[in-house]
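To start, the structure itself, in structure tokens.
The values are calculated or read from the model by the stated rules, or taken from the named source; none is laboratory data. Computed from a predicted structure; not experimentally measured. With ideal geometry, Cβ positions are generated from the backbone for all residues, glycine too; neighbour counts draw on all protein chains shown.
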Amino acid sequence: MMLLLAYRPFIDPLPIGNSTAWVWLFVPLILLVSVAYKTIKLRDLNELPRAAAILAAQIFVFMGFAAAALWVLTLFA
Amino acid sequence: MAVDPPLSPAAPPPAAPRAKVSPRWHFAAAFLGWLLPGLGHFALGQPQRAVVLGTTIGTLWLGGLLIGGISVIDRGDHPAWFLGQMLVAPSFAADHYRAKLVREHQGSFDPDDNPPFEPAFARAHEQGTLFTSLAGLLNMLAIIDVLYRDPRDPPEARKPRKPRDQTSVGPKVSKPAGGSP
């Protein structure tokens, strides 16, 4: 019997498999982390959308740099 | 127009007597924040902050469970990750429920043996664990934020600052009391 036929959300894992779709999970992860962190740090929540967007962009950029650096490292290692 | 007399630079304005204040600890609010993300801020009278924190941290935690399933919260198999996950109290309930399912099954996790849940592997396990652990770590920041509050920085002081045009330097014109007829 195929186990996936009885898929139950929050009990069974998503069928991500070996596809590269998992990379897109970083987008909600980074956005949620940015908003939660800035909610704690900011005094004025009116500044939250702008501050969270800037932090999310910084995380995206530096993760991209880190990924590129590691990729280059694997070429020569 | 009357001009205020210039203040002498040698004579600083008298400083207000610094009241001796003791730090204010909110253990009950911190406990509430651990029980449910955002509840601690709600208890301290910050409902807007509480809603945003509850939504973001709750979405991260539930998202992790959705991606990896119940098996990503396992105190026995990966205790180091559980250190982060346990900072959101419902992780204990999830771990207890997973252990109950395993206990009641009394069989192998072979697909032919009809296991109570499908164990997560590879990317699904990684991402599910990462989401739930990050939710716990962010909730730890929220708990620390409500645990200690400087009495000189009450919640009222966290209201929006005045716009610049209202705080500009210059003579203030006071409106007559009573308003227009």
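Count, please, the residues in segment A:1-17 that happen to be more than 7 Å from chain B (Cβ to nearest Cβ) and touching a Leu at 6+ places or on another chain (Cβ under 7 Å).
Residues flagged as more than 7 Å from chain B (Cβ to nearest Cβ) and touching a Leu at 6+ places or on another chain (Cβ under 7 Å) within segment A:1-17 amount to 1.
For every residue, the table says whether it meets (1) without any contact (Cβ under 8 Å) to a residue 24 or more places away in the chain; (2) among the β-branched types (Val, Ile, Thr); (3) within 9 Å of chain B (Cβ to nearest Cβ).
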site	(1), (2), (3)
A:Ser19	yes, no, yes
A:Val35	yes, yes, yes
A:Ile40	yes, yes, yes
A:Ala51	yes, no, no
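Restricting attention to segment B:50-81, report how many residues are at pLDDT below 95 and either closer than 22 Å to B:Val146 by Cα or touching a Lys or Arg at 6+ places or on another chain (Cβ under 7 Å) (or both).
So the count comes out to 4.
Give the number of residues within segment B:23-47 that are surrounded by fewer than 18 Cβ atoms within 10 Å (Cβ to Cβ) and at positive phi.
Here the count works out to 1.
So for segment B:60-72 (the condition being surrounded by fewer than 23 Cβ atoms within 10 Å (Cβ to Cβ), of a type in the set (Ser, Thr, Tyr) and not in a loop (DSSP other than H, G, I, E, B)), does at least one residue qualify?
Scanning segment B:60-72 turns up no residue that is surrounded by fewer than 23 Cβ atoms within 10 Å (Cβ to Cβ), of a type in the set (Ser, Thr, Tyr) and not in a loop (DSSP other than H, G, I, E, B).
Which condition breaks for B:Ala50 when tested against (1) surrounded by fewer than 15 Cβ atoms within 10 Å (Cβ to Cβ); (2) of a type outside the set (Val, Ile, Thr); (3) in contact with a helix residue (DSSP H, G or I) (Cβ under 7 Å, 6 or more places away or on another chain)?
Just one mismatch for B:Ala50, condition (1).
Any residue at all in segment B:110-133 that's modelled with pLDDT of 95 or more, closer than 18 Å to A:Ile40 by Cβ and of a type outside the set (Phe, Trp, Tyr)?
Looking for residues that are modelled with pLDDT of 95 or more, closer than 18 Å to A:Ile40 by Cβ and of a type outside the set (Phe, Trp, Tyr), one finds at least one in segment B:110-133, hence yes.
Within segment A:24-47, does at least one residue satisfy the condition of being small (Gly, Ala, Ser) and surrounded by fewer than 17 Cβ atoms within 10 Å (Cβ to Cβ)?
No, there is no match, as no residue in segment A:24-47 is small (Gly, Ala, Ser) and surrounded by fewer than 17 Cβ atoms within 10 Å (Cβ to Cβ).
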